[in-house]
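Here the structure comes first, spelled out in structure tokens, and everything after it is commentary.
Only the coordinates and a few stated rules stand behind these numbers; no lab work does. Computed from a prediction, not measured in an experiment: that's the story for all the values here. Cβ: placed from backbone, ideal geometry, glycine included. Neighbour counts: every protein chain shown.
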Protein chains: 2
Amino acid sequence: MKKTILWYSLAAAALILLLKLLEYQLFVRSLSLEFYLAVIAALCTTLGVWAGIRLTHRRKAVEVRAVAMFQRDNKVVDASGLSKRELEVLELMARGLSNQEIADALFVSLNTVKTHAANLFVKLDVRRRTQAIERGKMRGLIP
Amino acid sequence: MKKTILWYSLAAAALILLLKLLEYQLFVRSLSLEFYLAVIAALCTTLGVWAGIRLTHRRKAVEVRAVAMFQRDNKVVDASGLSKRELEVLELMARGLSNQEIADALFVSLNTVKTHAANLFVKLDVRRRTQAIERGKMRGLIP
DNA sequence: GGAAGGATCATCCTTTCGGGTGAAGGAGAA
DNA sequence: TTCTCCTTCACCCGAAAGGATGATCCTTCC
């Protein structure tokens, strides 16, 4: 942002210099005032467009980063009714882990994972893990 | 886009009118040429910034829609080696459908879906459908 | 101190998935 | 035309997932 403004200032300074040069040309070659004005208008417009694009590009980069860095929304989690453990299981499911792998990852038994899975299926109102993943992503529960 | 250009043209016309008025002011009140130029520069710059923002906002909207409305990249698909049918199966998998439901959706038998599934698992180098969904999303094969 | 809910584990049973293999018909390329 | 790939379908079998139910232990809340 600051960099853009700095560049804009420099460009403006360059423009003023150019104008001074043009001014001399104006008296020497007696170019029309309209031409003089048109040049200024064109340059300023270009500069403005460039600055506008620069500014909005910055803003867009921020938005992209916001999408990339998933941040859990507590309100959404509370609304879903999922417990912390169920959320963990769901997240590992979405990463493609099997129940056994999830059990190993969380240091619990396979049966425990299956219980958590069954409970979160009920809470998300789904029948399969793939559906659960879909719902979880739709609701912003998982990345 | 066209609307923006139209508005820009109208604004430019208004500016020219304003300039004509200023020109009269210039002769009547004998304002400095620098002031005249400054006004033009400021107006054109503002106009340019506005147009720039307008244009990039349009572009941003398109990009957002591109994220929301998934557009498949043929290069990615070719690189994956997935056939059209396999891609369809993968997409329905990602929506949480069971093999039987996919079979019904595509008007083929369950065995066919299983074959497609097995083939795409090999091509994506995965063992489970959840993994396939993960990979597919990572590579941009599916939304 | 009891009620509620979470986390843990278990058993039994059914359904779904996935691996392996084979095969037939069709479209397109060498 | 032969060969390759895609699509379709079938059968068998083992592994994984899912449904139902019950139980224990722990924390938190009223």
In nm to one decimal, list the spacings between the B:A14 label point and its equivalents in the other copies, with label points set 7 Å along Cα to Cβ, shortest first. 3.1
Applied in sequence order to segment A:104-111, the curve 6.51 cos²θ - 1.76 cosθ + 1.60 (Karplus, θ = phi - 60°) yields integer Hz couplings, x standing for Gly and Pro, of 5, 5, 9, 6, 10, 7, 4, 4
Expected vector for segment B:92-99, Karplus 3J(HN,Hα) from phi with 6.51, -1.76, 1.60 and θ = phi - 60°, integer Hz, x for Gly and Pro, equals 5, 4, 5, 7, x, 7, 7, 4
Kindly list the residues of segment A:109-143 that lie in the label zone of A:A79, defined by a backbone N under 15 Å from the point 7 Å along the Cα-to-C-beta vector. A:124, A:135-142
Distances from A:R85 to the same position in the other copies: list them in nm, one decimal, shortest first, using label points 7 Å from Cα along Cα→Cβ. 4.5
Take each of the peptides B:124-137, B:74-87, average the number of other beta-carbon atoms within 10 Å over its residues, and list them starting from the highest. B:124-137, B:74-87
Note, segment B:71-78: 3J(HN,Hα) by Karplus (6.51, -1.76, 1.60, θ = phi - 60°), whole Hz, Gly/Pro = x, goes 10, 6, 9, 4, 4, 5, 4, 4
